[in-house]
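Chemist: Mind having a look at this structure? Questions to follow.
The values are calculated or read from the model by the stated rules, or taken from the named source; none is laboratory data. Bear in mind the structure is a predicted one, so any value in this text is a computation, not a measurement. Neighbour counts run over all protein chains shown; Cβ positions are idealised from the backbone, glycine included. Each accessible area value is taken on the protein alone, full model and side chains, heavy atoms only, with ligands, DNA and RNA left out. Shrake-Rupley method; radii C 1.70, N 1.55, O 1.52, S 1.80 Å.
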Amino acid sequence: MTRKYNFCAGPAALPLEVLEEAQRDLVNWQGSGLSVMEMSHRSSEIVGIATEAEKDLRELMGISDDYAVLFMQGGATGQFSAIPLNLLGDNRAADYVNTGQWSKKAIKEAKRYGEVNVVASSEDDNFASIPAFDTWKLNKDAAYLHYTPNETIGGVEFFWEPDVNVPLVADMSSTILSRPIDVSKFGLIYAGAQKNIGPAGLTIVIVRKDLLGKAHPLCPVGMDYQVAAENESMYNTPPTMAIYLAGLVFKWLKKLGGLEAMEAINRRKAEKLYSYIDGSGFYANPVEVASRSLMNVPFTLKDESLDKAFLAGAEEAGLLNLKGHRSVGGMRASIYNAVPEEAVDALIAYMKAFAEKNG
Ligand code: PMP
């Protein structure tokens, strides 16, 4: 069996060790006689697996007891609705920052539920930068401020947190667990699992407990944070298999040395790739240097008529899913936690050979 290098933006690469452990236990989890997929979510096994996963996530991210950790469904897209439904309260107005395609989707959805003030936007700059904080037109009475710390399509990442007096809400789908963050600065953090956490189907919400209990009367019960928190994410059937796999990923991260160790590896991977791109004279990345994503690296070729040949050759070399998002074209290498440094080395070697041949 040959495993290939997967640069997909999501669902993304998983650590091989995790897949192998899940494979060993797939039909008979730790001698229980059942697969995790077959177990009741009320069983001591699943409750134990979920409790352990939550404990490990809290340890990895430094999440205090002031926060609830919720295992939800519906993807980050579901949270685009759940957030205004849970957090707007009587206020009905929220601030949003627009730094790319995912910000835009969050904004569009929030507008269905309340007044949305777009406090800053980099759309005029083709989403290649982050608007300077001192230009943001903040509303001091907003119910919260929403932003996207890493734009998966544009490859734009915040390396600072907005310093605001309202709850800070962050879509961390494509940056969570890539490096340490100070959770105490946030009111709510959410992320679809299918990049750095585990398989698709699980959505993690980390919410400060004082923000609970304000859901709109029409908020679907499955999206109500208070209900999820009171029922330890088991009000209804949670995505048990995805929680189990996420738990294995958390153990893998802990074994590796936690998020500081992960950050060092991620920085090395990204630095290699960006510096090769910048020096190549053949490839280019459009994002301002200070805001270049550690996880998603979009790039274009000197001549876009070579795109097809580039992708075909990459696939032949075992480098998969390098095509850029359909909305922007070009290429994108997603180099999440589980994409090993050798994969980045192999990609750079391929890019070099392609540039030499076609330059
Ligand atoms: N936000 C960001 C930053 C994303 O990268 C994605 C998925 N690529 C989404 C939201 C949407 O996530 P989902 O498909 O889980 O709804």
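Chemist: Answer with yes or no whether residue 13 is touching a residue at least 60 places away in the same chain (Cβ under 8 Å), more than 16 Å from residue 169 (Cα to Cα) and within 16 Å of the ligand (Cβ to nearest atom).
Modeler: Judged against the criteria, residue 13 is a match.
Chemist: Regarding segment 94-103, can at least one residue be identified that is open to solvent by 20 Å² or more (accessible area, probe 1.4 Å), over 19 Å from the mean Cα position of the chain (by Cα) and either within 16 Å of the ligand (Cβ to nearest atom) or closer than 17 Å to residue 153 by Cβ (or both)? Break it down into steps so the answer makes sense when it comes.
Modeler: Narrowing segment 94-103 to residues open to solvent by 20 Å² or more (accessible area, probe 1.4 Å): 101-102.
Then drop every residue that is not over 19 Å from the mean Cα position of the chain (by Cα), which leaves none.
Looking through segment 94-103, none of the residues is open to solvent by 20 Å² or more (accessible area, probe 1.4 Å), over 19 Å from the mean Cα position of the chain (by Cα) and either within 16 Å of the ligand (Cβ to nearest atom) or closer than 17 Å to residue 153 by Cβ (or both).
Chemist: So for segment 209-223 (the condition being more than 16 Å from the ligand (Cβ to nearest atom) and basic (Lys, Arg)), does at least one residue qualify?
Modeler: Within segment 209-223, one or more residues are more than 16 Å from the ligand (Cβ to nearest atom) and basic (Lys, Arg).
Chemist: Does residue 229 meet the test of being buried (at least 23 other Cβ atoms within 10 Å of the Cβ), modelled with pLDDT of 95 or more and closer than 30 Å to residue 143 by Cβ?
Modeler: The answer is no for residue 229.
Chemist: Kindly indicate whether any position in segment 269-281 is outside any helix (DSSP H, G or I), surrounded by 17 or more Cβ atoms within 10 Å (Cβ to Cβ) and of a type in the set (Phe, Trp, Tyr).
Modeler: No, every residue in segment 269-281 fails to be outside any helix (DSSP H, G or I), surrounded by 17 or more Cβ atoms within 10 Å (Cβ to Cβ) and of a type in the set (Phe, Trp, Tyr).
Chemist: So which of 44, 81, 64 ends up being modelled with pLDDT of 95 or more, within 16 Å of the ligand (Cβ to nearest atom) and either over 14 Å from residue 206 (Cβ atoms) or surrounded by fewer than 18 Cβ atoms within 10 Å (Cβ to Cβ) (or both)?
Modeler: Answer to the check: 81.
Chemist: Do we find a residue being within 11 Å of the ligand (Cβ to nearest atom) and farther than 16 Å from residue 106 by Cβ anywhere in segment 156-167? Before you say what the answer is, go through the steps one by one.
Modeler: Keep residues of segment 156-167 that are within 11 Å of the ligand (Cβ to nearest atom), which gives 156-157.
Checking which are farther than 16 Å from residue 106 by Cβ leaves us with 157.
Looking through segment 156-167, at least one residue is within 11 Å of the ligand (Cβ to nearest atom) and farther than 16 Å from residue 106 by Cβ.
Chemist: Being acidic (Asp, Glu) and closer than 22 Å to residue 172 by Cα, is that true of even one residue in segment 290-307?
Modeler: Taking every residue of segment 290-307 in turn, none turns out to be acidic (Asp, Glu) and closer than 22 Å to residue 172 by Cα.
Chemist: Among the numbered conditions (1) surrounded by fewer than 22 Cβ atoms within 10 Å (Cβ to Cβ); (2) farther than 18 Å from residue 191 by Cα; (3) acidic (Asp, Glu); (4) modelled with pLDDT of 95 or more, tell me where residue 90 comes up short.
Modeler: With respect to (1) surrounded by fewer than 22 Cβ atoms within 10 Å (Cβ to Cβ); (2) farther than 18 Å from residue 191 by Cα; (3) acidic (Asp, Glu); (4) modelled with pLDDT of 95 or more, residue 90 is out only on (4).
Chemist: Still on this structure, please answer the following. So, in segment 303-330, of the ones that are closer than 15 Å to residue 348 by Cα and part of a strand (DSSP E or B), which residue ends up least open to solvent (accessible area, probe 1.4 Å)?
Modeler: Top of the filtered list is 319.
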